[in-house]
Amino acid sequence: MVIFLWIIQVFFISGLSPLGVGFVRKLKAKFQNRQGASIFQPYKDLWKLFHKDEIISTDASWIFTYTPIIIFATTFFVGASVPLFASFFGSTLASDMLVIIYTLAIGTFFLTLAGIDVGSAFGGFGSSREMTISALAEGGLLFVLLSAALRSNSTNLFTIATAEPFMHADTFLPTILAFFGFFIVLLAETARFPFDNPATHLELTMIHEAMILEYSGKKLALMEWASASKLLIFASLGVNLFFPWGMANSTQPSIILLSGIIFVVKILVVYTAVAVLESSIAKFRYFRLPDLLMVAFVLGGIGIALLI
Amino acid sequence: MIDAIVLSSGFIVLVSCFVIGAIGAVLLRKHDALANIWSSFLAIVGSLCGILFSFLALGFSQVTSFTLGSFISPLVSISFTIDKLSVFFIFVISLVALFCSLYGIGYVKHFYKKYSIGALGFFYNLFIVGMLLVVTASNGLFFLIAWEIMSVASYFLVIYDRNDQKNVKAGFLYLVMTHIGTAFIILAFLLLYKFTGSFDFNSIRLGSALIPAYIKDIVFVLAMIGFGTKAGIIPLHIWLPVAHPAAPSHVSGLMSGVMIKTGVYMMIRIFVDILQPVPVWWGLVILVVGSVSALLGVLYALAERDIKQLLAYSSIENIGIILLGVGSSLAFLSLGMPTFALIGLVAALFHTLNHAVFKSILFLSAGSVINQTHTGNMEEHGGLIRHMPQTAFFFLMGSMAISALPPFNGFFSEWLIFQTLFKGMMEINFSAKWIFMASAGALAFTGGLALACFIKAFGSIFLARPRGSKARQAKESSYSLRMGMGGLAAGALLLGIFSANVMSILDRVVRDLSVFQLTPSFISVSPSQSLSSENISLVSAPVLFVSFIVTFIGILLATKYGVYKNQKVHLGTTWDCGTDLTPGMEITPTGLTRSIVTVFKGVLKPSIQHEIEYHDAESRYLPKSRTVILTLDDMYQVYLYIPLRNFITALSERAKEIQSGNINVYIMYIFIALLSSLFLLR
């Protein structure tokens, strides 16, 4: 039973992340009065991409070749070590807050390098924009997670996620503020509105899509998959660190099932919020994005200030 | 007793290796190759001795002091104290010197017939001797002599490539700034002497209770300015980004990796070791200084176009990070929380070691790039990963380490510094915690910006297509250069994987200091190499490393053989929108970070200047040439150094007024001076 749960914990993020993307797309389609593709469409896309031949630029170096694998590996690793629905995986030695932040930074590091590598004008600018946004987002991400960490006196994600429910008078406000900060960082890190438009290939505005423009076949599949996983990782972090309810603490099947359902519902709320946001607001002008990220940082700071 | 004899004789052997190397280089100066091999070989032997010596000395339990006699006056005694802190710094110096010397054997070749290799070998070895003496000297005046040997030797190394006027100017600025710093240090020592009656560090420590509090504060400010100049804290850093790039690359590696750390060493020695107990605001001031240096240092690094200047600014950033550790340690000590102070100082020392390792990799690989392309301007690099694959790989490892990406060493020291700052936020009950919070915020932003900075450095030097003609003809560097870089790169990875062991050794080093003697050790290395700080957090470097590798290989094999095994890979050109893609269309280093510079325009003050020359000045329709000059205003010159210079000039103008040129007036001055001194000294 425990081994079975371990397998679920390890493969959950990577396995279900395309479904999440499909859900957001379906919801957006509904908002636009379209029927939309099936929510399983991202799996079909990945399957198709995995069975295509590839074309690689003559300018590409090994950085370009191995980046998709490195990025997918980082999301897989992080996905396996974030808290999902059960708390008894806490003994894992990789679930430190800073480890997660900086492991995801490895992905950003190689993604931007791959964008520069092929020497196209698009890739370079995508990298430049991504670099700016993620550099500024890192401070915010650390501060909002830190305010969650201070609540439970630990930077281990599982300890934070199993801390007592937050509905105290003195922890309620900081948690809510920090969560709003976290949500801004989530949108920035996962290339969503108002930072980036995941559905466009307009060269003036694209960020994430610009960097992966030269990829095709299996490599593109890994890139798309990793990006979907990143969204699910951030969503799980958000719901479990700031709203730590319903983590299973025993291996009893009924409890596991219940907490699994609670977890999925919480995740769906976040995804719905993303979809609603994308259907209702426009992309921000690029130089207004730093202000937004500063807001996240300040919200985290206020959260910390209220706690210490 | 035997320990003491072994240690003192070991240290003398160690220093004499470098001295023989220096003298031999001068004697062999007629033969370039011979002088090079002699000086590098002895430096390598000396460094190996140093590493061996440090391992030996760490095993001994007691502090070793010995005196070799005194000269000029009994106040200047050549005395050494080798405690574990000194041993740690000897280790850092030897480790970096070992690989820099190895690199030097091949690197120096391009100076043959151009400059005297004997002189280079002489000053190179002397420079290392100076640093070794600085970290072991235990007499204030002898320390100043060692400090001066180190500074002057490095000055001659900075101006070694003297045909370039820029280097000579850089050397001059360095010489002036370093001596302004030394002046402050001398003042600090004189004040300590006045109240304790001794220049000997041990006597000062014993007599530190005699020093009034306000004198201690003055000593703190003086020492902060003096040693801060050497460490390169902002705003005293102005010499660093010009002097470090001017020196030959293996010397830049030593200067950035080790020399600036001697400033940190002396801060620890004086503030943490000698002058205890100290008021809490000292630590807080160091925290603020560290945060400012870290943030501004990385911002200036981002805006840089020259690779070695970028690295020099990044050294300022890392000194800032180290000072965050030192400052929080000092604050915790004053607040009576020695356990946390211990963590802070261990973090600072660990980052010192790590920065020494990865900054030297970066300087060495930058040197090997410059050797091939003959320019440090990143605008003219590009695409070098195809021509210099190994250099590129080492630079990538260095970049990942300095950007604090796990499982490299930089991550673990920054992790520990973060933990220290978090502790400060949680445990301190008064307004000082806000400073800890601000420092944590500064460090978080620094981390993100450093990542961007090294994406820029690696991306624009090694990726895309070559932008300059020299970059197209670059070839991989010779064996000795690659050995130097590779050894350090392996070191960066190993220090990361075995970070728990390294920290437990550093824990012993710090607990050797008298203030920490009774503090329990905070680190216990479990079989899984996990590392915990005061139960707040747990991380295990080997587990991280192994799971990274396993995940990577698993995914590599799964995508390669798991699905669609017969996939065909075609080669094509990059998508070019139907035009021919030229190197001018890819992103340049300036373009890559221009948006970050624009975001921080309030701090960086970028200026843009357009110049257009027209074919016909009358009609102004057809431009002949367009120039755009992008620069950053030098705030420190404008707001600090130029006003200071004007003030001093104005003061001198005033002083000139008493110089009338009339001999009678001068006699009157002498008379007045005589009378007043008689009156004062009666």
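The values are calculated or read from the model by the stated rules, or taken from the named source; none is laboratory data. These numbers were taken from a predicted model, which means no experiment stands behind them. No Cβ is skipped: glycine too gets one built from the backbone with ideal geometry, and neighbour counts run over all protein chains shown. Calculation scope for accessible area: heavy atoms of the full protein, side chains included, ligands and nucleic acids excluded. Shrake-Rupley method; radii C 1.70, N 1.55, O 1.52, S 1.80 Å.
Structure notes:
- Proximal lysines to B:Lys114, defined as alpha-carbon separation beneath 16 angstrom and excluding residues fewer than eight positions away on the same chain: B:Lys30
- For the stretch B:279-559: relative contact order, % (alpha-carbon pairs under 8 angstrom, 6 or more apart): 23
- Relative contact order computed over chain B (Cα-Cα under 8 Å; 6+ residues apart), in percent: 11
- Neighbours of A:Val24 by Cβ distance under 12 Å: Lys/Arg scored +1, Asp/Glu scored -1, total +4.
- Partners for B:Lys194 among aspartates and glutamates (Cα-Cα distance below 17 Å; same-chain residues under 8 apart left out): B:Asp217
- Two-site label geometry, B:Ser469 and B:Lys194: point separation in nm, points 7 Å out along Cα→Cβ: 6.4
- The B:Lys114 and B:Asn646 beta-carbon pair, evaluated with R₀ = 56 Å, returns a calculated FRET efficiency of approximately 0.90.
- Folded to 0 to 90 degrees: helix A:2-31 orientation relative to chain A principal axis, Cα: 60
- Nearest-ten-degree value, helix A:97-117 long axis tilted from longest Cα axis of chain A: 10
- Value of relative contact order over the stretch B:346-419, rounded to a whole percent, pairs C-alpha under 8 Å and six or more apart: 43
- Förster-model FRET efficiency, 41 Å R0, A:His51 and A:Val2, C-beta, rounded to 0.05: 0.70
- Viscosity 0.692 mPa s, temperature 37 °C, Stokes-Einstein D of the stretch B:279-559 from Kirkwood C-alpha radius, µm²/s: 168
- Take A:192-198, B:194-200 and order them by the average number of nearby Cβ atoms within 10 Å per residue, most first; the result is A:192-198, B:194-200.
- Cα→Cβ-extended label distance, 7 Å offset, between B:Lys166 and B:Gln637, nm: 1.4
- Farthest towards the positive end of the charge dipole of the protein assembly as shown, among the residues A:Val78, B:Pro589, B:Ser504, is the Cα of B:Pro589, using unit charges on the Cβ of Lys, Arg, Asp and Glu.
- A Förster distance of 56 Å, applied to the separation of the beta-carbon atoms of A:Val264 and B:Tyr666, puts the FRET efficiency at 0.05.
- Under 16 Å of direct C-alpha separation, and excluding same-chain neighbours fewer than eight residues apart, B:Lys565 reaches these aspartates and glutamates: A:Asp53, A:Glu54.
- For the peptide B:389-395, the mean number of other protein chain Cβ atoms found within 10 angstrom of a residue's Cβ is 1.
- Shape of the protein assembly as shown, Cα gyration tensor, a/c cut at 1.5: prolate
- Taking Lys and Arg as +1 and Asp and Glu as -1, the other residues whose beta-carbon sits under 15 Å from that of B:Ile629 total -1.
- Pairs over the 30 Å Cα-Cα cut-off, from the set B:Lys84/B:Lys230; A:Lys28/A:Lys52; A:Lys28/B:Lys560; A:Lys26/A:Lys48; A:Lys283/B:Lys359: A:Lys28/B:Lys560; A:Lys283/B:Lys359.
- Rg over Rh [alpha-carbon atoms, Kirkwood Rh] for chain A: 0.96
- Counting Cβ atoms of other protein chains within 10 Å of each residue's Cβ and taking the mean over peptide A:48-60 gives 5.
- Going by accessible surface with a 1.4 Å probe and the largest first, B:Leu144, B:Leu557 read B:Leu557, B:Leu144.
- The residues B:Ser625, A:Ser134, sorted by heavy-atom accessible surface at 1.4 Å with ligands and nucleic acids left out, run B:Ser625, A:Ser134 from largest to smallest.
- Length available on full extension from B:Asn566 to B:Val221: 0.36 nm per residue minus the Cα-Cα distance, which gives 117.2 nm.
- Chains A and B, summed buried accessible surface - 1.4 Å probe, Å², nearest 100: 6700
- Of A:Gly181, A:Ala275, B:Trp38, farthest towards positive along the dipole that unit charges on Lys, Arg, Asp, Glu beta carbons give the protein assembly as shown: B:Trp38
- At least 30 Å along the helix axis (C-alpha) and Kyte average at least -0.5, DSSP helices within chain B: B:2-27, B:32-59, B:84-107, B:165-196, B:280-303, B:307-334, B:338-373, B:432-462
- Heavy-atom accessible surface of chain B: percent carbon and sulfur, 1.4 Å: 67
- As a fraction of the 1.4 Å probe accessible area of the stretch A:175-308, surface on carbon and sulfur atoms comes out at 72 percent.
- Shielding by partners, peptide B:437-449 (average Cβ within 10 angstrom, other chains): 6
- Each of A:Trp245 and A:Val298 was given a label point 7 Å from its Cα along the Cα-to-Cβ line. The distance between the two points is 3.1 nm.
- Segments B:490-501, B:663-674, A:255-266 sorted - mean Cβ within 10 Å per residue, highest first: B:490-501, A:255-266, B:663-674
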